[in-house]
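Notes follow once the structure below has been shown.
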Amino acid sequence: MGELASMFAPDRVAVIGASEQQGSVGRAITENLQADFDGDVVPVNPNADRVLGIDCVDDITAVAEPVDVAVVVVPASIAIEMVEGCGEAGIENVVVITAGFSEAGSEGAARERRLKEVAAEYDLDLVGPNSLGVMSTGVGMNATFGPENAQPGNISFMSQSGAFVTAVLDWANDRDVGFKDVVSLGNKAVLDERDFIDEWGSDPDTDVILGYLEGIDDGEGFIRTAREVTQETPILLVKSGRTEAGASAAASHTGTMAGSEEAYEAGLEQAGVVRVETVQELFDFAGILSGQPLPEDESVAIVSNAGGPGVMTTDAVGDSGLELASFTEETLTTLGDALPGGANIYNPVDVIGDADVERFERAIDAALADPNVGAAIVLACPTATLGFDELAETVVDLQDEHRTPVAVSLMGGDSTRDAQALLSEVGIPTYFDPARAVRSLDVLSQYREIREREYEEPKRFDVDRERAREILLEAKHSDTNRLGVEAMGLLEAYGIPIPDGEIVDSPGDARAAAERILDETDAADEDSDGEAASGEVVMKIVSPDILHKSDIGGVEVGVPLSEVEDTYEDLVTRARNYQSDAKILGVQVQETLDLDAATETIVGMNRDPQFGPLLLFGLGGIFVEVLEDTTVRVAPVSDPEARAMIDDIDSAPLLRGARGREPVDEDGIVETIQRLSQLVTDFPAILELDINPLVATPDGVSAVDVRLTIDQEEL
Ligand code: ADP
Ligand code: MG
């Protein structure tokens, strides 16, 4: 058991602010606790002798016997004092129901800061404030002021919304869904989702962890904890509140394309958490994860007595991560012998409408025995020849025999009730809608994949961190927040290949730079394949006021030596025409890359307030926002994670040699993503960064352009 074990299995719970007053929270909690709690309830209230028949204590520090959990329901003005009393009394677990903290303006926020200090001082495990309370069915504890108590079960549930707890309990009680522990997280001043995931991950009585979260405070830490826990216990989360923080202010492509929604999606995926959209799904998935074994693969067999619904189910399989199993010869022979002429022995198996239980049984048995079948859906519509109860008994026996995960869709009303109860008793889920059976089995299969994951540590490359620091400090000294190609050295310091280039501030220097670059690229070309170099350079305006250089004619590709000086003047004139007071740092003269066999990609970073640095990879160049073919991961990423980013994008075949093209240097892209991952993890001052394009050719990659925004305060 984890560090919070005593919170969920207390012997004695004190209610500070217990009261008999009708309609008060102090009364509701005391009553709820009295109802089923195996241990003792200690009311604390200096103005009462007894509360609801129990002797009252004046002050928490005066309680004679040790208290494991103190529930605080006093007004906000004295709540902190009471919590301090808990600390004095040596109580480890405190649940603060009281509201009026960070959810209530600046005064409340100050109060919450004070609460945190007190909790830290006494090392309290504190839930809330502004919480509905906690429950643990293991000891019958209902320390909430909600109207419903949870039934016992193997699901532990946390929620950032107290109202959602009461709604879920109401819903679950109607359906006989039980819980081990329930926590209303409140404002998460001290304990947050991570602590409970950690606790429940080591709780033998919790088989599935469910959560409703509006935000995650420490994304990186969350990923670390969740990854470990999901190796044993599945985590399902409903994440609400699709915030769009930051997106509008972004100055980079990555900033606009990798917002907080993308961060959550990537973060939860990387953490091995299954993200869920609805309450129905939350419990569908929890039910199957706690009731059925994991499949060996994503193949699924469908056995039904109805053609139409069978097709519906097949379509749903097509939309999911599952696939239809293809039966072995042996299975097909067995099915051929067992089923009448009009039946379909291929998957989806149709035993046809006049099937009785025996015929159904032979078909289900054959499917479950097949080594090519990972999971099965039994789908039955009411007919005169079929008894649902008998069918249910048969499915229970067959599932027990074969240990293959099964989901059942009984497409009927009242006539299915007893069969449903029979099946659910042994953990076989039933649904009216077969699409729900498919989605549930899909999640079961997803969780199998999560369990099989092997997480690798991110690589640390040998880089010139000091040089990168100096470049950033220089920007700070010149009071610059936005940097362009003048910061190419940052990439170079982290070992990301860049083309030969130089920033100059006069036409004459531009010519000298072009001569040197052409000389050196010539020599290099002769060294390699003897091919003649183009004899041309690329020139770009360098100005912090110009975000997209080519938009204002600030990039000239294919400039011959003879035109370098004129082009310099042209670029400066165009920049002045665009913005007369634009700060112009000069012009970059750059080696020309052969783009014929190249693909322009983008590698970028945007910092999310919760998850930290997000890395983006996709198809780049000037069409990046038109195509929007990108993918996102939370940094730092390991080699396999960086590689998977390439798999993710739709244009991956373009990089891998579609239509007779030569495949580009994929390893070069993967390494660039990892090196950028290291750079942005090392320097929190980098707020957003685009390498666009990262030109990828068969021979390597090259960062042709860079743009970043920094936070000077962080340097
Ligand atoms: P911006 O994004 O500010 O418009 P870039 O430096 O990215 O400026 O250049 C725009 C486009 O010009 C690139 O996407 C690429 O197609 C082309 N380009 C830029 N630099 C080079 C180069 N050194 N060699 C070949 N093409 C280049
Ligand atoms: Mg660019």
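List of remarks:
- DSSP-defined beta bridges in the chain - what % are antiparallel, rounded to 5: 50 percent
- For the pair residue 311 and residue 522, label points projected 7 Å from Cα toward Cβ lie 7.2 nm apart.
- Pairs of lysines in the chain (C-alpha under 18 Å apart; 8 or more residues apart or interchain): 6
- Modelled spin-label separation between residue 337 and residue 666, with each label point placed 7 Å from Cα along the Cα-to-Cβ direction: 4.6 nm.
- Here region 599-714 is treated with +1 on each Lys and Arg Cβ and -1 on each Asp and Glu Cβ, and its dipole about the Cα centre works out to around 200 debye.
- Per-pair calculated FRET efficiency, R0 = 56 Å: residue 62 and residue 356 via Cβ, rounded to 0.05: 0.20
- Of 455, 431, 346, the order by accessible heavy-atom surface (1.4 Å probe, DNA, RNA and ligands excluded), from most exposed downward, is 346, 455, 431.
- The mean of 1/r over all distinct Cα pairs in region 292-452, once inverted, gives the Kirkwood hydrodynamic radius of 15.2 Å.
- Heavy-atom accessible surface of region 292-452: percent carbon and sulfur, 1.4 Å: 46 percent
- Multiplying the residue separation of residue 231 and residue 24 by 0.36 nm and removing their Cα-Cα distance gives an extension gain of 70.2 nm.
- Using a Förster distance of 22 Å, the FRET efficiency for residue 548-residue 580 (Cβ separation, nearest 0.05): 0.75
- Protein accessible area in region 543-666, 1.4 Å probe - carbon and sulfur %: 46 percent
- Projected label distance in nm at residue 40 and residue 294, using a 7 Å step from Cα toward the beta-carbon: 4.5 nm
- Counting heavy atoms of the protein chains alone, residue 180 has an accessible area of about 20 Å² for a 1.4 Å probe.
- Here's how it looks for residue 592: its modeled amide H is under 5 Å from those of 538, which are all 5 or more places away or on a different chain.
- Neighbourhood charge, 15 Å Cβ-Cβ cut-off, centred on residue 670 and excluding it, Lys, Arg +1 and Asp, Glu -1: -4
- Region 292-452, dipole about Cα centre (Lys/Arg Cβ +1, Asp/Glu Cβ -1), debye to the nearest 20: 380 debye
- Folded to 0 to 90 degrees: helix 279-291 orientation relative to the chain principal axis, Cα: 70 degrees
- In this structure the amide hydrogen of residue 586, modeled in the peptide plane, comes within under 5 Å of the amide hydrogens of 542, none closer than 5 places in sequence on its chain.
- DSSP bridge pairs, region 5-288: antiparallel proportion in percent, nearest 5: 20 percent
- Per-residue ellipticity at 222 nm computed for the chain from its helices equals -12000 deg cm²/dmol, with DSSP H segments shorter than 4 residues left out and the rest contributing -39,500 (n - 2.57).
- Whole-percent P(r), the chain, all Cα pairs, 20 Å bins from 0: 15, 35, 31, 17, 2.
- Cβ-based charge dipole, the chain, positive-most Cα from 617, 355, 78: 78
- When the charge dipole of region 265-422 is built from unit charges on Cβ atoms (+1 for Lys and Arg, -1 for Asp and Glu) and taken about the Cα centre, the candidate among 333, 404, 272 whose Cα reaches farthest toward its positive end is 272.
- Rolling a 1.4 Å probe across the protein heavy atoms gives region 599-714 an accessible surface of 35 Å² per residue.
- Our estimate of slack between residue 479 and residue 557, defined as 0.36 nm per intervening residue step minus the Cα-Cα distance, is 25.0 nm.
- Considering only region 292-452, percent of DSSP beta bridges that pair antiparallel, nearest 5: 5 percent
- Only Lys, Arg, Asp and Glu carry charge here, each on its Cβ (+1 for the first two, -1 for the last two); on that basis region 1-86 has a dipole of about 240 debye about its Cα centre.
- Sites residue 328 and residue 175 - FRET efficiency at Förster radius 60 Å, r taken between beta-carbons, to 0.05: 0.95
The values are calculated or read from the model by the stated rules, or taken from the named source; none is laboratory data. Treat the numbers as computed from the prediction; the structure is a model and nothing was measured. Cβ coordinates were reconstructed from backbone atoms using ideal geometry, including for glycine residues, and neighbour counts include every protein chain displayed. We work out accessible area using only protein heavy atoms, side chains counted, and drop any ligands, DNA or RNA first. Shrake-Rupley method; radii C 1.70, N 1.55, O 1.52, S 1.80 Å.
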